[in-house]
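This report concerns only the one structure given below.
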Amino acid sequence: MMTDRIPAVMKRPRTESVQQNFFSVIDLLGFLGLDIRFAPHEIIETSGFPFLVPQSFAERMRKRDWHDPLLLQVLPRADENIEREGFSDDAVGDAAAQAVPGLLHKYDSRVLFLASPSCAMHCRFCFRRHCSFGAAPTEAGAMDRAFRYIAGHKGINEAVLSGGDPLCFGAGALDCLLQRIMAVPHIKTVRIHTRVPVADPGMVTQAALDMIASVNSVKNCVVVLHADHASELVADCSQVLTRLRATGAVLLNQSVLLKGINDSIEALCGLSLALLDHGILPYYLHQLDRVRGTWHFEVEEETGKRLVKEMREKLPGYAVPRYVREVAGEKSKRNII
Ligand SMILES: *Cc1c(COP(=O)(O)O)cnc(C)c1O
């Protein structure tokens, strides 16, 4: 699986060297002043998908609160090991959608690069937590195959960089990939799907911001962030988002509807308003992908529909995300309402 590889973030020299990652849930709970004996759920050390939480993300959690919405996203619960009917390793059919290794082609006009095997943080509800491919473009020849495929499909007008997280790709490798994408005449838009600015803002270097600005001067550059709760968009994260906005790229956000985390009208409206404060438009609210080990995060679709209807009554249309689910084999994400 992809997380067997050492995430780049662990190898990376840091400019602000005081920043640390938490590699153990016990250490994080200690930092938050929480005693595991009083945990409302059984906690496990790991379950094959290692624990990884950046210091910055931990600092945005409320101390001594088991129900903090940031903590709940990264807290490994024994529930992960309980098998549930309908939850599988590759719920969204990624393996079948590989055009060549490391390149997914599900939707006619856009391809998706699995540009990096690692992430800055391990969200327990990750839909690629069992992903056994990815990062193939780094292997000799795989990159050439990906670009030959794109050259042969003139209907592709957008390249999405995902992973893992493309901003965890070594700077040189990311630059190389972007240069090759920008050289393809029929690619008009370069989209970067990243949680790094939210998970570990200190990893967003000036060089990365300059790179985004330069992509945006040649093609349309769209950055799709991933925040699930307004409490993520504070402190150093807020500052980095302001700098990201200055690149001129279009900023969007995708979130996942998560039980006990953002399944309330207050949390969803709060997230939309906090995004708007940073010049980011809510794009997708995803129904949880039914991936093994994530069932305890699932919110019923009926609840989701009711919440989104209520959001429409409270917010301008542009601040209401599209509530979607991904169905393997379909030619676009499916609108739930
Ligand atoms: C979600 C996704 C996209 C992007 O879809 P949009 O609806 O354009 O945001 C592209 N490729 C793959 C494989 C995806 O899963």
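Every read-out reported here was derived from the displayed coordinates using simple, explicitly stated rules and does not represent laboratory data. What you see is a predicted model; the values in this text were computed from it and never measured. Neighbour counts run over all protein chains shown; Cβ positions are idealised from the backbone, glycine included.
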Would you kindly derive the ³J(HN,Hα) couplings of region 73-87 from the backbone phi angles with the Karplus curve 6.51 cos²θ - 1.76 cosθ + 1.60 (θ = phi - 60°), listing them in order in whole Hz, with x for Gly and Pro? 6, 10, 7, x, 9, 4, 4, 4, 8, 8, 6, 10, 3, x, 9
For region 52-93, with only Lys/Arg (+1) and Asp/Glu (-1) charged at the beta-carbon, what is the dipole magnitude about the Cα centre, in debye rounded to 20? 440 debye
Extend 7 Å from the Cα of residue 207 along its Cα-to-C-beta direction; within region 83-127, residues with backbone N under 19 Å of that point are 115-120
If you filter region 267-324 for GluC sites (Glu not before Pro), then keep DSSP loop positions with at most 12 other Cβ within 10 Å, what is left? 300
Using only helices, what value at 222 nm comes out for the chain when you add -39,500 (n - 2.57) per DSSP H run of length 4 or more and divide by the total residues, to the nearest 500 deg cm²/dmol? -8500 deg cm²/dmol
At 37 °C and a viscosity of 0.692 mPa s, what translational diffusion coefficient does Stokes-Einstein give for region 53-209, taking Rh as the Kirkwood radius over Cα pairs? Give it in µm²/s as a whole number. 192 µm²/s
Can you work out the Karplus-derived ³J(HN,Hα) for every residue in region 34-44? Use 6.51 cos²θ - 1.76 cosθ + 1.60 with θ = phi - 60°, whole Hz, and x for glycine or proline. 10, 9, 4, 5, 9, 5, x, 9, 5, 9, 10
Please give every one of the lysines within straight-line cross-link reach of residue 305, meaning a C-alpha to C-alpha distance under 23 Å, and leave out same-chain neighbours fewer than 8 residues apart. 259, 314, 331, 333
Give me the lysines in straight-line cross-link reach of residue 188: C-alpha distance below 17 Å, same-chain residues under 8 apart excluded. 154, 219
Count the net charge of all other residues whose Cβ sits under 12 Å from the Cβ of residue 30, scoring Lys and Arg as +1 and Asp and Glu as -1. 0
Dipole magnitude (debye, nearest 20) for region 85-226, charges at Cβ of Lys, Arg, Asp, Glu: 340 debye
Sequence-distant aspartates and glutamates (8 or more away, or on other chains) whose Cα lies within less than 15 Å of residue 63: 27, 35, 232
Whole-Hz couplings from phi, Karplus 6.51/-1.76/1.60, listed for region 302-310; x for Gly and Pro: 4, 5, x, 4, 4, 5, 5, 4, 5
Any idea what diffusion coefficient the chain gets from Stokes-Einstein, in µm²/s, Kirkwood Rh on alpha carbon pairs, 10 °C, 1.306 mPa s? 78 µm²/s
At a 10 angstrom cut-off on C-beta neighbours, averaged per residue, how do the peptides 325-335, 94-104 rank from highest to lowest? 94-104, 325-335
For residue 77, other-chain or 5+-apart residues with amide H closer than 5 Å (H placed, Pro excluded) are 44
Pull out the extension gain between residue 302 and residue 318, defined as 0.36 nm times the separation in residues minus the alpha carbon to alpha carbon distance; nm, one decimal. 3.5 nm
Antiparallel as a % of all DSSP beta bridges within the chain, to the nearest 5? 25 percent
Run the quick spin-label model on residue 67 and residue 330: label points 7 Å from Cα toward the beta carbon, then report their separation in nm to one decimal. 3.3 nm
